[in-house]
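The values are calculated or read from the model by the stated rules, or taken from the named source; none is laboratory data. Not measured: the values here are computed from a predicted model. All Cβ positions, even for glycine, are placed from backbone atoms using ideal geometry, and neighbour counts span all protein chains on display.
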Amino acid sequence: MNAKERLEQVIDNIEKVIIGKRNIAELSIVAMLSHGHVLLEDVPGVGKTMLVRALAKSVGADFKRIQFTPDLLPSDVIGVSIYNPKDMEFHFRPGPIMGNIILADEINRTSPKTQSSLLEAMEEASVTIDGVTMQIPKPFFVMATQNPIEYEGTYPLPEAQLDRFLLKIKMGYPTPKEEMEVLNRAQSAAPIEELTSVISLNELLELQEQVKTIKVDETIRSYIVDLSRQTRQDSYVYLGVSPRGSIALMKASQAYALLKGRNYVTPDDVQYLAKFVFGHRIMLRSEARYDGITAEEITERILAKTRVPVQRLVGQ
């Protein structure tokens, strides 16, 4: 069974629980294959938490949930060293961040201090307690959910935290037909409880390694750099996409190509993923807010005016 078939098995499994959101499942897997993380933003009740649970069950991962609240402390996330009087030594008690797939639920309901406790874990896959650095087990994937900022009791994520997320995705409401199917499935049992793994963690690690072998032609890399550079020059933009954002778009494109059964990246891959990679990395000036301009619209405008590479790709 090739990579595309195995990944389609995972997506089909997730669709047993999450109806009509195949593209969201695909993007989540793209981020996981890229060693990245996902920020899911939407109103409560559209299936954000269920998506993460379904993904974890589908790959047989160690699943941990962190419910972010205003009184949550950094030690509640990464763990704490506790003194044992019997042997007169400190022993590390790991926090819920030490897992494979982490649901950071309602991440914007906690203080910036606690939000920042995730920075090292998400960037380095490690945590540091009392000067000692400990690696988090592989694979490591954080999917954070957040309610829109206009909801009461929320804290905007700082720019450094946002930049750690490979993709930002919005679920959206289901169609009436999809919502009816949700009701039908939930009437007699909870579909998530019947879900089983379709690939192992070792297979997932192998797929992550395969992503690195996907070819990215020089013209594609130049295209990504050009897109990022233009976000820094737009008059509405206060802070454009950083080099980390360029790397994120390239890695996501490699993972998406693997998901689609190809061993090379196309311009279409880059164009499709750009709005999910760039949207949360573009900081707008106040004029943009007054004119009703969003980061997504700026990304679409840049994509429309940027020359698309037409050179034949190696392996195509």
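Filter segment 38-73 for residues that are at pLDDT 90 or above and in contact with a Pro (Cβ under 9 Å, 6 or more places away or on another chain); which is farthest from Asn108 (Cα to Cα)? Checking each candidate, the answer is Val59. The selection criterion, being touching a Leu at 6+ places or on another chain (Cβ under 6 Å) and either modelled with pLDDT of 85 or more or in a loop (DSSP other than H, G, I, E, B) (or both), does not hold for Lys177.
Go through (1) buried (at least 23 other Cβ atoms within 10 Å of the Cβ); (2) within 11 Å of the chain's Cα centre (by Cα); (3) not charged (D, E, K, R) and name the single condition His35 misses. Condition not satisfied by His35: (1). The residue that is nearest to Lys215 (Cα to Cα), counting only those in segment 225-260 that are of a type in the set (Ser, Thr, Tyr) and touching a residue at least 60 places away in the same chain (Cβ under 8 Å), is Tyr256. Here His91 passes the criteria (1) out of contact with any strand residue (DSSP E or B) (no Cβ under 7 Å at 6 or more places or on another chain); (2) modelled with pLDDT under 85 except the one numbered (1).
Yes/no per residue for (1) touching a helix residue (DSSP H, G or I) at 6+ places or on another chain (Cβ under 8 Å); (2) touching a residue at least 60 places away in the same chain (Cβ under 8 Å); (3) in the same structural domain as Asn147 (by TED's automatic domain parsing); (4) among the aliphatic types (A, V, I, L, M):
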site	(1), (2), (3), (4)
His37	yes, yes, yes, no
Arg53	yes, yes, yes, no
Ile82	no, no, yes, yes
Ile97	yes, no, yes, yes
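What pairs come up if the first residue lies in segment 276-294 and is in a loop (DSSP other than H, G, I, E, B), the second is of a type in the set (Val, Ile, Thr), and their beta carbons are under 8 Å apart, counting only those six or more places apart or on different chains? Correct list of pairs: Ile282/Thr231; Ile282/Val237; Ile282/Val241; Ile282/Ile298; Ile282/Thr299; Arg285/Val237.
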